[in-house]
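Since the structure comes first, as structure tokens, the remarks are kept for the end.
The values are calculated or read from the model by the stated rules, or taken from the named source; none is laboratory data. Predicted model only: the values in this text are computed from it and were never measured. Counting neighbours? That spans all protein chains shown, and the Cβs are built from the backbone with ideal geometry, glycine included. Heads up: the accessible areas ignore ligands, DNA and RNA and are worked out on the full protein's heavy atoms, side chains in. Shrake-Rupley method; radii C 1.70, N 1.55, O 1.52, S 1.80 Å.
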Amino acid sequence: MPVYGASLLSLSLSFAVLTIFLIVLFLRRDDDRFFFVAQRTSLGVCFLVTLATMTLLASLLKSDFDVDYVAKYTSLGTPTLYKFTAMWAGQSGSLLFWLFVLCSYSAVVLLQNRNKHQKLMPYVIMTLTVIQAFFLLLVNFVANPFSPVDANFPIQDGLGLNPLLQNPTMAIHPPMLYLGYVGFSVPFAFAVAALCSRQLDVVWVQTIRRWTLFTWLALGIGVLLGGWWAYNELGWGGYWAWDPVENASFMPWLTGTAFIHSIIIQEKKNMLKVWNMILILVTFLLCIFGTFLTRSGIVSSVHSFTESSLGPIFLTFVFLILAVCIYLILTRLDDLKTEKRLESFVSRESGFLFNNVVFVSICFAVLWGTMFPVISEAVTGTQITVGAPFFNQITIPIGLILLFLAGIGPLLAWRKTSKESLIRNFSIPVLTGLGMVTVVMVFGIRAIYPLVTVFLTAFVATSITLEFWRGITVRTRKFGESPFMALVKMISKNRSRYGGYIVHIGIVFMFIGFIGKAFDKDKEWSMSVGEEVQIAGYDIVLSDLNEEERPNHFAWIATLDVIKEGKDVVSLHPEKRIYFHRNPNPDRRQPHSELSLHSTWREDVYSVFGGIDPDKELLTIKIMVNRLVRFVWLGGYLLLLGTVIALWPARRSRRKEN
Amino acid sequence: MLSGQPAEVEEKKTDMFAAIMIVLTFVLVLAFAVQPLFVSKGAAIASDKVKLETLEIRKLSLYEQIKELELEFDMGNVSSDDYQRNRIELKREVSMVLEQLNSISSE
Amino acid sequence: MNKRFLVVILAIALLMIVWVGLGFEGNELPYVTIRELTTNYEKKPGKRFRLGGNVKEGSIFRNDNDPLALSFVLMQEGNRLPVSYHKIVPDMFKDGSEVIVEGIYDGEYFFADNLMTKCASRYEGDLRDTKTSL
């Protein structure tokens with residue numbers, strides 16, 4: 001099996017090289033047959049890579065410990081689901097998985113556009129194949145997932161998967177992230193194709209719009225799932241730590257968000273062509289860079305793999321792409337010029353433009369903060385890190401500006417907005433915002449950021465609600481529909497518009513969740529059974545301690561009764577587990593804290609079993625009261641819903657009749 | 001795996017099997033790839049449809065913008081001055097696009 | 001008009017750069033070695049540092065009445081630094097483990113307010129050990 005897998009990888013590489021060669025021949029000779037064969041060989045690469053992926057999967061499921069990767073990341077006791085997910089637990093496996101996702105996307109692009117975009121497709125295939133070839137080089141020569149185990153003794157069992165990764169969320173978080181990371185290759189390939197073929201009009205933008213939206217959604221969901229996993233599994237009580245690897249996934253999301261906004265302008269007004277090119281280029285490079293950051297260990301992070309030789313190779317690739325793309329853009333500047341101009345600062349166009357500037361600024365700040373340790377070490381010799389406080393201080397105000405733009409953008413008219421419509425559209429949202437601020441001030445909140453956030457969330461939520469309400473009124477008046485029917489019809493006729501609004505509402509809810517952070521409480525105690533402690537209006541009693549032996553670990557289970565105002569709220573059961581507890585070598589036993597939480601809209605009571613002194617039955621317990629966290633997840637669901645609405649295909653036939 | 005003669009034989013067998021499999025896969029993919037060379041579909045790549053496509057997309061986009069503008073006007077988001085100005089501008093663009101489309105199809 | 005836009009956008013971009021630059025003030029956390037920390041020590045109350053190293057074998061000491069109160073000796077290239085910490089430690093914290101601490105230094109003790117163990121995603125070991133494990 002490993003031999004077969006390894007040969008499949010080298011075969012894929014040769015087919016990829018062949019594809020590039022054929023495309024070059026086609027462009028030189030202009031003989032269509034070369035292109036037809038290139039299409040087939042490109043599909044061949046996709047097929048071979050898929051086969052290789054399946055082979056690795058089979059080895060993992062069969063626990064074929066002759067393969068080094070299988071022996072390092074699974075054991076006989078690993079549950080089947082996690083044997084499956086071990087595919088992306090290690091470096092070489094995840095590179096192959098990256099490649100597999102890219103190939104699946106490429107196959108879809110190839111089949112979808114078999115008879116379309118004849119000018120663009122050769123360059124699209126070429127670009128995608130170059131990216132494939134790069135990753136094929138890596139899995140063939142640098143990190144081969146099929147390399148045989150390096151041991152001169154028989155192997156009874158593998159090392160097993162890290163217990164932290166044995167979690168259902170962790171089973172879908174990396175693939176989601178990869179769907180996003182890899183997906184930006186497709187719009188990027190179309191952008192390069194547009195540049196190469198000088199077909200710089202709306203065609204390529206129109207073609208990739210839905211791709212980009214899908215990719216952007218996958219990346220967003222991936223990022224959110226990462227936060228969800230950290231919150232529900234890691235036990236430090238937060239969902240975002242500004243860790244380099246988290247930042248690496250956040251940055252392309254930011255520029256991607258800017259891109260999906262600014263291509264609307266190119267589609268509608270035929271403007272911002274250069275800017276869009278730069279944005280998609282940067283987004284794609286950030287995706288590659290993100291993969292590189294995760295894999296290289298250049299910035300120390302809790303997630304990153306140990307140092308490897310991948311760093312320089314990735315950097316070379318990034319710089320090569322950058323150089324080629326800058327050359328392409330510079331040589332095509334004349335074609336990228338627009339005859340149109342912006343007319344007013346107070347218009348939808350400039351709203352989008354400011355949104356773009358702000359998104360890129362946040363991205364720049366995050367990039368700077370992430371890379372600062374590396375830069376400062378290169379310049380001064382001392383690594384200077386900047387932690388979460390830096391990122392929070394920088395991004396919170398910029399984020400609030402974005403929220404403000406999300407509120408006013410939809411209310412601005414294209415080209416120019418007159419004063420009277422400004423007053424009409426904004427008076428109610430502004431008043432509602434001020435009203436909400438007064439209400440929370442009555443409740444005793446005086447801090448500036450929470451107050452500004454309250455104002456903005458109320459402002460944005462009202463302006464979007466009004467938008468929905470006005471739309472419904474128009475339909476009920478015009479067509480005599482019931483309000484509900486009007487809502488459904490209105491959304492289904494303007495999917496991207498209302499889908500976008502729903503996403504904005506989701507973002508508003510997330511910001512509500514972020515305000516909660518300012519009011520979190522946490523405390524740690526050492527307690528014995530029967531003791532009682534207080535935090536944030538809760539009485540917490542450690543009422544019981546049990547021990548249990550389970551198939552692959554041993555667990556101490558604490559019972560914490562949570563009481564508020566004399567009433568029992570819930571019993572929490574945080575656990576302290578020891579994995580591989582029968583291993584005679586104590587270093588191989590792995591302790592793990594399983595947290596337990598009770599979640600409501602108002603706040604979460606979050607408990608962590610820190611440690612135990614078995615002789616004295618003295619436990620260390622950490623309790624956190626985290627406010628409004630649920631709103632963050634609600635925002636995530638709305639983001640999903642809104643994007644799916646925007647993505648839902650419009651009925652073609654109806655459109656043609658018009 | 002146990003050491004000794006039988007294991008080695010078995011290993012050779014699996015190697016043979018893998019070799020056959022890989023050759024088979026290679027032949028399969030290659031056959032698939034070169035197949036268009038032998039089928040004379042005559043499906044030449046269509047020439048300059050790009051211009052047409054661009055204009056069609058432009059036209060649809062402009063129609064949609066007009067519809068959206070009307071919706072915004074009905075909803076009261078756009079003042080009647082802005083509405084009139086934008087509408088005239090969009091209509092002018094549509095007629096330009098239609099003109100170009102006509103000239104291409106009459107060629 | 002487009003020129004004016006360009007000017008405004010450049011101004012915003014400049015503002016952002018200044019804003020990011022300002023954000024560093026007071027948030028920077030130098031990653032130093034034990035030698036650098038102890039030899040160049042000058043009294044700067046509240047100045048935070050970040051250090052990496054290994055927990056000296058057998059140096060972990062917990063207070064009998066308060067298991068949260070913890071001290072240990074951090075080793076790095078033969079230099080040692082006593083560290084005190086008063087929080088729940090990560091699961092992987094034990095004798096010999098590689099840790100990163102953040103906190104303040106008073107010329108004798110390092111008072112850590114944040115302790116991280118390195119190496120969470122990578123789950124390594126020697127394949128020989130698995131013979132007798134579950």
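Figures for the structure shown
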{"item": "The stretch A:173-195, residues that are part of a helix (DSSP H, G or I) and under 16 Å from A:ASN276 (Cβ atoms)", "result": "A:VAL186, A:PRO187, A:PHE188, A:ALA189, A:PHE190, A:ALA191, A:VAL192, A:ALA193, A:ALA194, A:LEU195"}
{"item": "Flag if C:ASN40 is more than 9 Å from every other protein chain (Cβ to nearest Cβ), touching an Asp or Glu at 6+ places or on another chain (Cβ under 7 Å) and among the polar types (S, T, N, Q)", "result": "no"}
{"item": "Residue count for the stretch A:480-515, restricted to those that are among the small types (Gly, Ala, Ser) and either over 12 Å from A:THR643 (Cα atoms) or touching a Phe, Trp or Tyr at 6+ places or on another chain (Cβ under 6 Å) (or both)", "result": "5"}
{"item": "Positions within the stretch A:361-388 being β-branched (Val, Ile, Thr) and buried (at least 20 other Cβ atoms within 10 Å of the Cβ), in sequence order", "result": "A:ILE362, A:VAL366, A:THR370, A:THR385, A:VAL386"}
{"item": "Qualifying positions in the stretch C:18-55 - open to solvent by 90 Å² or more (accessible area, probe 1.4 Å) and at pLDDT below 85", "result": "C:LEU22, C:GLU25, C:THR39, C:ASN40, C:GLU42, C:LYS43, C:LYS44, C:PRO45"}
{"item": "Residue match in the stretch A:76-97 (condition: within 14 Å of chain B (Cβ to nearest Cβ) and open to solvent by less than 40 Å² (accessible area, probe 1.4 Å))", "result": "no"}
{"item": "Single residue of the stretch A:580-592 satisfying the filter (within 7 Å of another protein chain (Cβ to nearest Cβ) and buried (at least 18 other Cβ atoms within 10 Å of the Cβ)) that is modelled with the lowest pLDDT", "result": "A:ARG588"}
{"item": "Considering residues of the stretch A:365-395 that are among the aromatic types (Phe, Trp, Tyr) and in contact with a helix residue (DSSP H, G or I) (Cβ under 7 Å, 6 or more places away or on another chain) only, the residue nearest to C:GLU28 (Cα to Cα)", "result": "A:PHE390"}
{"item": "Count of the stretch C:76-98 residues which are outside any loop (DSSP other than H, G, I, E, B) and more than 14 Å from the chain's Cα centre (by Cα)", "result": "4"}
{"item": "Meets criteria (in contact (Cβ under 8 Å) with a residue 12 or more places away in the chain and within 13 Å of chain B (Cβ to nearest Cβ)) for A:SER496", "result": "yes"}
{"item": "Residues located in the stretch A:348-383, provided they are closer than 25 Å to A:ASP201 by Cβ, within 11 Å of chain C (Cβ to nearest Cβ) and in contact with a Lys or Arg (Cβ under 9 Å, 6 or more places away or on another chain)", "result": "A:GLU349"}
{"item": "Residues of the stretch A:4-19 classified as surrounded by fewer than 19 Cβ atoms within 10 Å (Cβ to Cβ) and in contact (Cβ under 8 Å) with a residue 40 or more places away in the chain, total", "result": "2"}
{"item": "Wholly enclosed strands (runs of 3 or more DSSP E) of the stretch A:532-593 bearing at least 2 residues within 18 Å of A:PRO614 (Cα to Cα)", "result": "A:538-550, A:553-564, A:575-579"}
{"item": "From the options A:ILE263, A:ILE221, residue that is within 14 Å of chain B (Cβ to nearest Cβ) and among the hydrophobic types (A, V, I, L, M, F, W, C)", "result": "A:ILE263"}
{"item": "Every pair of residues 6+ apart whose Cβ atoms lie under 8 Å, when the first sits in the stretch B:84-107 and is assigned by TED's automatic domain parsing to the domain that holds B:SER61 and at negative phi while the second is open to solvent by 50 Å² or more (accessible area, probe 1.4 Å) and not in a helix (DSSP H, G or I)", "result": "B:ARG85/A:LYS416"}
{"item": "Residue in the stretch A:46-62 that is in contact with a strand residue (DSSP E or B) (Cβ under 7 Å, 6 or more places away or on another chain) and either touching a residue at least 12 places away in the same chain (Cβ under 8 Å) or surrounded by 24 or more Cβ atoms within 10 Å (Cβ to Cβ) (or both) present", "result": "yes"}
{"item": "Tally, over the stretch B:1-45, of residues that are within 21 Å of A:LEU22 (Cα to Cα) and at pLDDT below 65", "result": "6"}
{"item": "Close pairs from the stretch A:563-582: first more than 22 Å from A:ILE535 (Cα to Cα), partner loosely packed, with under 14 Cβ neighbours inside 10 Å, Cβ under 9 Å, at least 6 apart", "result": "A:ARG577/A:ARG550; A:HIS581/A:GLU549; A:ARG582/C:THR132"}
{"item": "Residue count, the stretch A:411-453 (criterion: within 14 Å of chain B (Cβ to nearest Cβ) and not aromatic (Phe, Trp, Tyr))", "result": "17"}
{"item": "Test: residue in the stretch B:58-79 that is farther than 26 Å from A:ARG495 by Cβ, modelled with pLDDT under 85 and within 11 Å of chain A (Cβ to nearest Cβ)", "result": "yes"}
{"item": "Candidate set from the stretch A:477-493 (those that are over 21 Å from A:LEU639 (Cβ atoms), away from every other protein chain (no Cβ under 11 Å) and open to solvent by 40 Å² or more (accessible area, probe 1.4 Å)); member that is nearest to the chain's Cα centre (by Cα)", "result": "A:LYS489"}
{"item": "So C:ILE100, is it within 28 Å of A:ILE623 (Cα to Cα) and either open to solvent by less than 40 Å² (accessible area, probe 1.4 Å) or more than 14 Å from chain A (Cβ to nearest Cβ) (or both)", "result": "yes"}
{"item": "Criterion: touching an Asp or Glu at 6+ places or on another chain (Cβ under 6 Å) and at pLDDT 90 or above - qualifying residue of A:SER543, A:SER463, A:SER526", "result": "A:SER543"}
{"item": "Complete set of residues in the stretch A:593-609 that are open to solvent by less than 10 Å² (accessible area, probe 1.4 Å) and either in contact (Cβ under 8 Å) with a residue 40 or more places away in the chain or within 8 Å of another protein chain (Cβ to nearest Cβ) (or both)", "result": "A:GLU603, A:VAL605, A:TYR606, A:SER607, A:PHE609"}
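For (1) among the aromatic types (Phe, Trp, Tyr); (2) at pLDDT 85 or above, each residue gets a yes or a no:
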| residue | (1), (2) |
| --- | --- |
| A:LEU320 | no, yes |
| A:VAL324 | no, yes |
| A:TYR327 | yes, yes |
| A:VAL357 | no, yes |
| A:CYS363 | no, yes |
| A:MET371 | no, yes |
| A:ASN392 | no, yes |
| A:ILE396 | no, yes |
| A:LEU412 | no, no |
